[in-house]
Amino acid sequence: MPQPISVVVIGAGIAGLATAVELARRGVGSITVVDKAYPASGSSGLSVGVYNRQYVDADELAIRALGAEIIEGHERDGRIAITHNGYLRIARDASIIPSFEHGVAIQEDAGLPESRLLEPSEIARVVPDMNLDGVVAGLWGAADGYLDGHALCTLYVDDAADLGIAVRLREEVVGHSVRSSGTHVVTTSSGDLEADVVVNAAGAWADSVGDILGRPVPLVPQRHECFVFQLAKPTGYVIPTVMDYVVGDPQPGLNFRGEGDRQLLATLHTNDVIADVGASDPDTYFRGVVGDHVEDMAALLIEALPSLSDMGYYSGWAGLYPLSEDNYPILGPSTAGDGIFFTCGLGGNGIQNGPAAGRITADWILDGRPTCLERATLLGIDRFSPTAEEAR
Ligand SMILES: Cc1cc2nc3c(=O)[nH]c(=O)nc-3n(C[C@H](O)[C@H](O)[C@H](O)COP(=O)(O)OP(=O)(O)OC[C@H]3O[C@@H](n4cnc5c(N)ncnc54)[C@H](O)[C@@H]3O)c2cc1C
């Protein structure tokens, strides 16, 4: 891209804010972030904030490790609080163990903080209250943790202010055209914004914003509920994040973590686009939790943590995973090479991956490739083109 350039970023969630800040840090002087509501008003304010490195695929691990590195850099700078409660993936079938061993090996190769394969007796030490019937092994990362999605977005809002980025709130993008010079005109509810580059970082709305930009995005806004349970007495330790789901399983799996030592946050997690969880309209979906689901979740938690069975339901909410068709993020330029870029499709991992996604998109815009993580070329929207499908 010839520089200096001007950029409009659509969306003030973690993806859009991180993209804008990374661009400004690299010297782009004219950046506007526009959001139809306010920072973290979409999925970024509705997450449970977990990040981890317990992956068994090197490509997946690479972006998550970059995300973790950036987040932990903010922690070292004293800018965000992280609870390092650890992350445990559960295997209930011995056939999973080689993939967990591979996960440990690729983390070692990447020089990441220690990850270990745990025997059930060792799992009992990290989650003393857990029912280990049927559990054959765990993939454990003690350094992983959780943080607050609002706090992370606020950190980037502060950076945006310091770096001279204009953040325009309560302003909806409603139209788009391109001048003969190639300049984009983004029409919002308050007027027109001109820019050389437009970034679609609209989360669960990225498909409708894609339609406005004339660059469709294959995306499913998938509704997920989070349940908060109050424990009858303090556990004396923060329960680690436990993921009882194996990637590729057709059914969502139980995922829970402690919030302090008196509460549990629980969700049903899947990386897959599945009908059971349901696609939802991001403007009208039900933000509460369904009553029957509270009972179902209570039963699952009591089975998983029988010694904490006197827990009580406290509250809950629902939010959206902005899920691409293959559940990987969509990062990089449009296939038309017209100055439209994507930082979207972050699914159920956007708090962790958003800071990395922002850096990768900034590289695409300024270097023409993802300099900070070359394997992120795999995450381009071109993978959904008919030619790419034929090649697969
Ligand atoms: C229940 C739940 C639990 C989760 N837990 C985790 C977790 O533990 N760890 C993790 O890493 N991730 C988690 N996630 C996923 C994570 O929250 C998302 O992947 C991430 O927040 C997506 O960020 P985003 O910036 O892409 O989208 P968003 O945060 O939704 O931001 C998009 C923004 O675009 C704006 N916008 C949309 N349309 C327009 C328009 N036309 N004009 C202007 N602005 C527009 C919206 O107002 C919104 O602010 C969870 C999600 C849910 C729902």
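The values are calculated or read from the model by the stated rules, or taken from the named source; none is laboratory data. Just so we're clear, the structure is a prediction, and the values are computed from it rather than from any experiment. Neighbour counts run over all protein chains shown; Cβ positions are idealised from the backbone, glycine included. Only protein heavy atoms, including side chains, enter the accessible area calculation; ligands, DNA and RNA are left aside. Shrake-Rupley method; radii C 1.70, N 1.55, O 1.52, S 1.80 Å.
Once the range 19-54 is narrowed to residues that are of a type in the set (A, V, I, L, M, F, W, C) and over 26 Å from ARG287 (Cα atoms), the residue that is nearest to the ligand (Cβ to nearest atom) is ALA20.
Here is a yes/no grid of residues against (1) of a type in the set (Ser, Thr, Tyr); (2) crowded, with 22+ Cβ neighbours inside 10 Å:
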| residue | (1), (2) |
| --- | --- |
| PRO329 | no, yes |
| THR335 | yes, no |
| GLY345 | no, yes |
| GLY350 | no, yes |
| ASN353 | no, yes |
| GLY358 | no, yes |
| THR361 | yes, yes |
| LEU366 | no, no |
| THR371 | yes, no |
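A count restricted to the range 194-207 and to residues that are within 13 Å of the ligand (Cβ to nearest atom) and more than 20 Å from SER41 (Cβ to Cβ) stands at 1.
For (1) closer than 15 Å to TYR321 by Cα; (2) open to solvent by 50 Å² or more (accessible area, probe 1.4 Å), each residue gets a yes or a no:
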site	(1), (2)
PRO216	no, yes
GLU225	yes, no
PRO234	no, yes
LEU265	no, no
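Checked against the criterion of being at positive phi, within 14 Å of the ligand (Cβ to nearest atom) and modelled with pLDDT of 90 or more, the candidates GLY210, GLY191 yield just one match: GLY191.
Consider the range 331-347 and keep the residues that are of a type in the set (Val, Ile, Thr) and more than 10 Å from the ligand (Cβ to nearest atom). The one that is nearest to HIS184 (Cα to Cα) is ILE340. For the range 235-272, name all the residues that are out of contact with any strand residue (DSSP E or B) (no Cβ under 9 Å at 6 or more places or on another chain) and among the aliphatic types (A, V, I, L, M). Selection gives VAL247 alone. The one condition from (1) without any contact (Cβ under 8 Å) to a residue 40 or more places away in the chain; (2) within 15 Å of the ligand (Cβ to nearest atom) that VAL173 does not meet is (1). A residue that is within 14 Å of the ligand (Cβ to nearest atom), assigned to a strand (DSSP E or B) and either among the acidic types (Asp, Glu) or in contact (Cβ under 8 Å) with a residue 24 or more places away in the chain (or both) occurs nowhere in the range 60-76.
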